[in-house]
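All remarks here apply to the structure that follows.
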Amino acid sequence: MNGPFVIVGAGQAGLQIAESLRHEKYDGPITLLGAEAHAPYNRPPLSKQWLREPRSITTLYIRSPEAIQRRHIDLQTGCAVSAIDRDARLVRCADGRSFPYGGLALATGARMRTLAVPGAQLQGVHGLRTIDEAERIAAAFERCTAQAAPVVVIGGGFIGLEVAAAARKAGLEVTVLEGLERLMSRVVAPIVSDAAAQLHRAHGVQLVFGARITALHGVDGAVRAVHTADGQEYAAGCVIVGVGVD
């Protein structure tokens, strides 16, 4: 192979590719490109305890930067890849950096789906996939607590329900708006959906099914309510969108 092996995406998959190459005795240069400013980290905790008690990101690391360096893997953070030049065999980053490659792997994961409705870009509307987004949601919970404002979660899947649970544990009023007729309907059986609904209701979460979001209403650029097709309005100090990924 002429040139380094470059991996685009510094999540769990990208890191595993790099470590597997080393395990299989590849001793050439490996460059791991990550769009975030952090070393590879575990994401599942972000929607749970982390929202109520943010800790040092070092507690989430899959491997510390020092451990990655010991494996002779060149971790480049803050590199949002903007182009791949196949003729020149270069990966280009939005900040102007470029990296030659002999072998190339794409491990870029998924992108959060967003709401295609008016008001979706208002301040206080959040998705959750990265540590930075988790920190913004934790700060939003603190503002909602200070203002006695409710939280609206759009989407009754795993992420939405875990965020709803964290918000309730923080003492916030929470409404979950789900477009289908039961929770987690794409991934679990009805009996599991029913059990989850009973559990969340027992903890004070309001569940609304068949909710079709038509708009988010804001005041001075910040979200204040969610409107649905049946004419209902749900007050919101912040809105968490968990409607899947692409």
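Direction-averaged projected area, Cα convex hull, the chain: 15.7 nm², rounded to one decimal. For segment 130-174, how big is the tail of P(r) above 16 Å, as a whole percent of Cα pairs? Beyond 16 Å sits 32 percent of the P(r) for segment 130-174.
Please give me, ordered by residue number, the GluC sites (Glu not before Pro) of segment 80-184 that lie in loop per DSSP and have at most 12 other Cβ atoms within 10 Å. Could the numbers behind the result be given before it?
Values: sites: E133, E135, E142, E162, E173, E178, E181; in loops: E173, E181.
Counting only loop positions with at most 12 other Cβ atoms within 10 Å, the GluC sites (Glu not before Pro) in segment 80-184 are E181.
Projecting the alpha carbon convex hull of segment 81-150 along each direction and taking the average yields 7.3 nm².
The value given for segment 1-64 is a Kirkwood hydrodynamic radius of 13.1 Å, derived from the mean inverse Cα-Cα separation.
Calculate how large, on average over all directions, the projected area of the Cα convex hull of segment 41-97 is; give the answer in nm² to one decimal. Spell out each step's value before the answer.
Numbers: hull surface 22.9 nm².
Mean projected area of the Cα convex hull: 5.7 nm².
Treating the beta-carbon of each Lys and Arg as +1 and of each Asp and Glu as -1, no other charges, what is the dipole magnitude of segment 24-70 about its Cα centre, to the nearest 20 debye?
On the way: 7 positive and 5 negative charges, 49 e Å.
Value, rounded to 20: 240 debye.
Enter the Cα centre distance for the pair segment 1-73 and segment 130-177, rounded to the nearest angstrom. Here the answer is 28 Å between Cα centres.
Treat every Asp and Glu Cβ in the chain as -1 and every Lys and Arg Cβ as +1, leave all other atoms uncharged, and give the resulting dipole magnitude about the Cα centre to the nearest 20 debye.
Details: 25 positive and 23 negative charges, 70 e Å.
Roughly 340 debye for the chain.
Among the trypsin sites (Lys or Arg not before Pro) in segment 149-246, those located in a DSSP loop and surrounded by at most 12 other Cβ atoms within 10 Å of their own Cβ are R186, R212. Could you point to the residue in G3, A13, S98 farthest towards the positive end of segment 1-148's charge dipole, with +1 and -1 charges on the Cβ of Lys/Arg and Asp/Glu respectively? Projecting each Cα onto the dipole axis, the largest value belongs to A13. Near A215, the amide H atoms lying under 5 Å from its own belong to H227; only residues 5 or more places off or on other chains count, and H is placed 1.01 Å from N. Placing +1 on the Cβ of every Lys and Arg and -1 on the Cβ of every Asp and Glu, with no other charges, gives segment 121-178 a dipole of roughly 80 debye about its Cα centre.
What percentage of the solvent-accessible surface of the chain, computed with a 1.4 Å probe over protein heavy atoms, is contributed by carbon and sulfur atoms? Please list the in-between numbers first.
Working: 6530 of 12980 Å².
Solvent-exposed carbon and sulfur of the chain make up 50 percent of the total.
Find the accessible area per residue for segment 127-216; the probe is 1.4 Å, ligands and nucleic acids are left out, and the unit is Å². Don't jump to the answer; show the numbers that get you there.
Values: 4320 Å² over 90 residues.
Here the residues of segment 127-216 average 48 Å² of exposed surface.
Given N residues in segment 34-153, what is its alpha carbon radius of gyration divided by 2.2 N^0.38 Å? Spell out each step's value before the answer.
Values: Rg = 18.0 Å, N = 120, 2.2 N^0.38 = 13.6 Å.
Rg over 2.2 N^0.38 Å, computed on Cα atoms: 1.32.
So which residue, out of A211, A110, A120, gets the largest mean-square fluctuation from a GNM of the chain using Cα contacts under 10 Å as springs? Most flexible of the set in this elastic network: A110. Counting Lys and Arg as +1 and Asp and Glu as -1 over every other residue whose Cβ lies under 13 Å from the Cβ of S64, the net charge comes to +2.
Keeping all protein chains in the complex and leaving out DNA, RNA and ligands, what accessible area do you get for S185 with a 1.4 Å probe, in Å² to the nearest 10? Counting only protein heavy atoms, the figure is 30 Å². Using the alpha-carbon positions of segment 108-225, Rg (one decimal) and Dmax (whole number) come out as 14.2, 43 Å.
The values are calculated or read from the model by the stated rules, or taken from the named source; none is laboratory data. For clarity, every value in this text was computed on a predicted model and none was experimentally measured. Note that we place each Cβ from the backbone using ideal geometry, even for glycine, and neighbour counts take in every protein chain shown. We work out accessible area using only protein heavy atoms, side chains counted, and drop any ligands, DNA or RNA first. Shrake-Rupley method; radii C 1.70, N 1.55, O 1.52, S 1.80 Å.
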